Each structure stands twice: as C-alpha cells, then as structure tokens.
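Comments concern the structure below.
The values are calculated or read from the model by the stated rules, or taken from the named source; none is laboratory data. None of the values given here were measured: they were computed from a predicted structure. No Cβ is skipped: glycine too gets one built from the backbone with ideal geometry, and neighbour counts run over all protein chains shown. Only protein heavy atoms, including side chains, enter the accessible area calculation; ligands, DNA and RNA are left aside. Shrake-Rupley method; radii C 1.70, N 1.55, O 1.52, S 1.80 Å.
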Amino acid sequence: MIAETVCSAVSAAGLGIAAITAYRKRFLAAARIAAYSLVPIGLVMTGVVEWLADTAFSPTAWAGFGVLGLAWALFATTRVVERRRGGTRKERRAARAAAGPEAVAPAASAPSLGQGGQGSRTAASRPAASSRGEDDFSDIEAILKKHGI
C-alpha cells in the first residue's frame, strides 16, 4: 500500500515537472520527463510493485537470488578458465597433436649481427631470404635494424 502511494506521488511530481518544462517551450525534454514519470504508475498498475514488495520480504526468494548468483559466478569462472586454456578439451588435444614435438619454427633465422659502428648499411648486414619462411621475417628484421634493435 505504501509503495503504491509513493509511486503515484513520484509520477504526479514527474508529470508536474514535465508540464513546467513544456511551458518553457522545451517539448522534447518535457516528453522525455513525462515518459520517465509514467513508469512508476505503470509498474503499480501491472502488479510488479506488489510482486517486488512480496519478494523483498521472502527468505525463499532471497535464497533463490543467491542460487542464481552462484550459477552466474560458476558460468563466468568456467568461461574465463576456458579462454585462458585456449578452448575446449578437444580443441587443445587437436592443437597438441598438430604441433608435434617441435616447439621452434623450422625455418627460424639466426640473428644477424651487422657492423654497428658504420653509418651506412652494407649488403652483408641485410637479411638473406633464401626460402619463403625466412622471407616472412626479413621485413621484421629490417625494421628492427632500422631502429637499432
């Protein structure tokens, strides 16, 4: 009973503020305020406020909210763990089988140490690209050398 009275008062006050805003020729803002102020009375008329009041004082309802929160926490935790591990168990097994025992790229090039003291770059300090795998890293090596790394 008190909740319905409060919601009615809030709606009446909101409609009053909307009328004052409309009087000041701010019709868009007045329409928005009127829409917000009609929500509480609409909730009272549909019975949502009564349901919320009954739920607020029910220990069974609060236990149900606790169970729902626990379920949500479990779902969120399992998603985080799954993302950290890289997918489902089948996906991890397939990735391990595809990777094999070799952990290093087969065509990884050795770091080339050019002559650091000279201002001009010579052909000896450029990376030699003899295969497709080394060609992929030649651009990266050139950028790193350009910055002196």
Open item on the list: Need one number: nm distance between label points at Val48 and Ile143, each 7 Å from Cα along Cα→Cβ, rounded to one decimal.
Closed with: 5.2
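If you roll a 1.4 Å probe over region 1-106 with all protein chains in place, what percent of the accessible area is carbon or sulfur? Please list the in-between numbers first.
Working: 6150 of 8750 Å².
The computed percentage sits at 70.
Name the chymotrypsin sites (Phe, Trp or Tyr not before Pro) in region 1-69 that are in a loop by DSSP and that have at most 15 other C-beta atoms within 10 Å, would you? Provide the component values of the computation, followed by the final result.
Working: sites: Tyr23, Phe27, Tyr36, Trp51, Phe57, Trp62, Phe65; in loops: Phe57.
Loop-located and lightly packed - Phe57.
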Task: Thr5/Val67 FRET efficiency (R0 30 Å; Cβ-Cβ; nearest 0.05) - done: 0.35
- [ ] Note down the nm distance, to one decimal, between modelled labels 7 Å out along Cα→Cβ at Thr88 and at Ala29.
- [x] 5.5
